[in-house]
Amino acid sequence: MIQRGVNPSLLSVVPLPPRPGLYLVLGPRDIVPWALHTITLAFPAKTVFWIDAANRCDAHLVSMAARSAYLDPVVALKAFRPARPFTAYQLEAMVTQKLLPTVHRIQALFSVIADPLSLYEGAEGRDTQVRQSFRRFMQGLREASEKTPVVVLIPEPGPQRYLPELLQAATWRRRLEDAGSTRRLVEA
């Protein structure tokens, strides 16, 4: 699935040197493993703060991607600094309170938030405060992306309720598409 054809580089989404901004990447259900693989190859040994709302940060995949390019898997694994929110409220706190201090402390090249909308969609109907939490999350995301590059990965089809606000806030929008035996990033 990930090995099919030539993977487009995240360099087309995150320019070098990375500039502050909110980089939104939409794509198929395997966008998170694709991003792990691609970041490992495109930014070897560069520190990335990975907020894993998808619970799919796969150390084995990172190690295998590194080995496929003759990179040291230990160095590749150390480059990813994961954080795992289990609820929408934990995600909100990570983005509003922890993202910028962590990026500065670990000197991350950029941050990735993998599938944040699923946590909000999952909380819908169970909690009356989820919409306010999403507003705070978006405000924190806007403030952070003014100072550092933040890549947000959105698997499709996915939760639609919160997507329009995220699309509107994005500096760059790209969609990962299958093009026969290869994949490419196109303007979304």
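The values are calculated or read from the model by the stated rules, or taken from the named source; none is laboratory data. From a predicted model like this one, the values you see are computed outputs, not experimental measurements. Cβ atoms come from the backbone with ideal geometry, glycine included; neighbour counts cover every protein chain shown. Quick note on the areas: whole protein, heavy atoms, side chains included, nothing else; ligands and nucleic acids left out. Shrake-Rupley method; radii C 1.70, N 1.55, O 1.52, S 1.80 Å.
Annotations for the structure displayed:
- Residues of region 139-166 that are open to solvent by 30 Å² or more (accessible area, probe 1.4 Å) and over 19 Å from Glu92 (Cβ atoms): Glu156, Pro157, Gln160.
- Qualifying residue in region 59-82 (condition: under 23 Å from Lys147 (Cβ atoms), part of a helix (DSSP H, G or I) and in contact (Cβ under 8 Å) with a residue 12 or more places away in the chain): yes
Conditions (1) within 14 Å of the chain's Cα centre (by Cα); (2) closer than 22 Å to Asp58 by Cβ; (3) open to solvent by 20 Å² or more (accessible area, probe 1.4 Å), marked per residue:
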{"residue": "Tyr89", "(1), (2), (3)": "no, no, yes"}
{"residue": "His104", "(1), (2), (3)": "no, no, yes"}
{"residue": "Val112", "(1), (2), (3)": "yes, yes, no"}
{"residue": "Glu121", "(1), (2), (3)": "no, no, yes"}
{"residue": "Phe137", "(1), (2), (3)": "no, no, no"}
{"residue": "Leu176", "(1), (2), (3)": "yes, yes, no"}
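- In the condition set (1) within 16 Å of the chain's Cα centre (by Cα); (2) over 17 Å from Leu141 (Cα atoms); (3) of a type outside the set (Gly, Ala, Ser); (4) part of a helix (DSSP H, G or I), Arg56 is compliant with all but (4).
Per-residue answers, yes or no, for (1) touching a strand residue (DSSP E or B) at 6+ places or on another chain (Cβ under 8 Å); (2) modelled with pLDDT under 95:
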| position | (1), (2) |
| --- | --- |
| Pro85 | yes, no |
| Leu91 | yes, no |
| Gln97 | no, no |
| Thr102 | yes, no |
| Ile106 | yes, no |
| Ser111 | yes, no |
| Glu124 | no, yes |
| Glu143 | no, no |
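Matching residues to (1) at pLDDT 90 or above; (2) assigned to a loop (DSSP other than H, G, I, E, B); (3) closer than 23 Å to Ala188 by Cα; (4) touching a helix residue (DSSP H, G or I) at 6+ places or on another chain (Cβ under 8 Å):
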| residue | (1), (2), (3), (4) |
| --- | --- |
| Leu16 | no, yes, yes, no |
| Arg19 | yes, yes, yes, no |
| Val32 | yes, no, yes, no |
| Lys46 | yes, yes, no, yes |
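- Among residues of region 51-64, those that are within 26 Å of Gly158 (Cα to Cα), open to solvent by less than 20 Å² (accessible area, probe 1.4 Å) and out of contact with any strand residue (DSSP E or B) (no Cβ under 9 Å at 6 or more places or on another chain), counted: 0
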